[in-house]
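The values are calculated or read from the model by the stated rules, or taken from the named source; none is laboratory data. Just so you know, these numbers come straight off a predicted model, no measurement behind them. For neighbour counting, all protein chains shown are included, and Cβ atoms are generated from backbone atoms with ideal geometry for every residue, glycine included. All accessible areas refer to the heavy atoms of the entire protein, side chains included, with ligands and DNA or RNA removed. Shrake-Rupley method; radii C 1.70, N 1.55, O 1.52, S 1.80 Å.
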Amino acid sequence: MPYEWVIAPKAPETSGAFPRSGEEDPLGRLHLWPYRSLPRRGFAAFIGITCLLLALPLIGLLGSPVLWALLPFLVAVVTGMWLALNRSYGDGEILEELTLWPDRVTLERHGPRGRRQSWQANPHWVRVTLHRSGGPVPHYLTLGGGPREVEIGAFLGEEERLALWPELERALSRAR
């Protein structure tokens, strides 16, 4: 699954004496990222095989001026595919990090090209909502608390969001 609990959620200390914010270890930390169907090694292999397959028909044209007329177009095709796939990788470099402390919950989203967004709220007021319909994706998952509601894991598959929902609810109930 394209998410993992880096620090598994654990029950908070029951004595009521928590260290000040920023000094204690988090109760839980969740990392989420988009699924990659084509890893970097597959990307390199795809470009290499495409170049090889485009070069095979050119063998019969060696020594002819037609080869030089076709070559710029073939180079443009390979360059275009490389640029498009590379852009797709850049757009998919997203990491969401949910961190639970006894006194706050933070969600940081590290988006493509260095874009960062953050949200925090008191865990006592945070609610996890699964919107079965009406969202941008089926089974849209949001965290609400404080003045706004934020999405979490919109890039996950439908089954993954359904599996994440009860895990988030359990982790938040332990943080309370």
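Structural remarks
- Listing of strands (runs of 3 or more DSSP E) fully contained in segment 107-176 that carry 3 or more residues being open to solvent by less than 30 Å² (accessible area, probe 1.4 Å) and not aromatic (Phe, Trp, Tyr): 140-145
- In segment 30-45, the residues that are closer than 12 Å to residue 85 by Cβ form Cβ pairs under 8 Å with partners that are assigned to a loop (DSSP other than H, G, I, E, B), at six or more places apart or across chains, as follows: 36/92.
One line per residue, one yes/no per condition, for (1) exposed (fewer than 10 other Cβ atoms within 10 Å of the Cβ); (2) among the β-branched types (Val, Ile, Thr); (3) more than 32 Å from the chain's Cα centre (by Cα); (4) modelled with pLDDT of 90 or more:
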position	(1), (2), (3), (4)
24	no, no, no, no
37	yes, no, no, no
41	yes, no, no, no
45	no, no, no, yes
52	yes, no, yes, yes
71	no, no, yes, yes
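- Residue within segment 84-101 that is assigned to a strand (DSSP E or B), open to solvent by less than 40 Å² (accessible area, probe 1.4 Å), hydroxyl-bearing (Ser, Thr, Tyr) and touching a residue at least 12 places away in the same chain (Cβ under 8 Å) present: yes
Yes/no per residue for (1) in contact (Cβ under 8 Å) with a residue 40 or more places away in the chain; (2) not aliphatic (A, V, I, L, M):
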site	(1), (2)
105	yes, no
108	no, yes
115	no, yes
121	no, no
124	yes, yes
142	no, yes
146	no, yes
150	yes, no
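- Filter result (small (Gly, Ala, Ser) and either open to solvent by less than 50 Å² (accessible area, probe 1.4 Å) or closer than 30 Å to residue 93 by Cα (or both)) within segment 54-69: 55, 64
To keep it simple, each residue is scored yes or no on (1) among the polar types (S, T, N, Q); (2) in contact with a Ser or Thr (Cβ under 8 Å, 6 or more places away or on another chain).
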residue	(1), (2)
37	yes, no
53	no, no
59	no, no
62	no, no
118	yes, yes
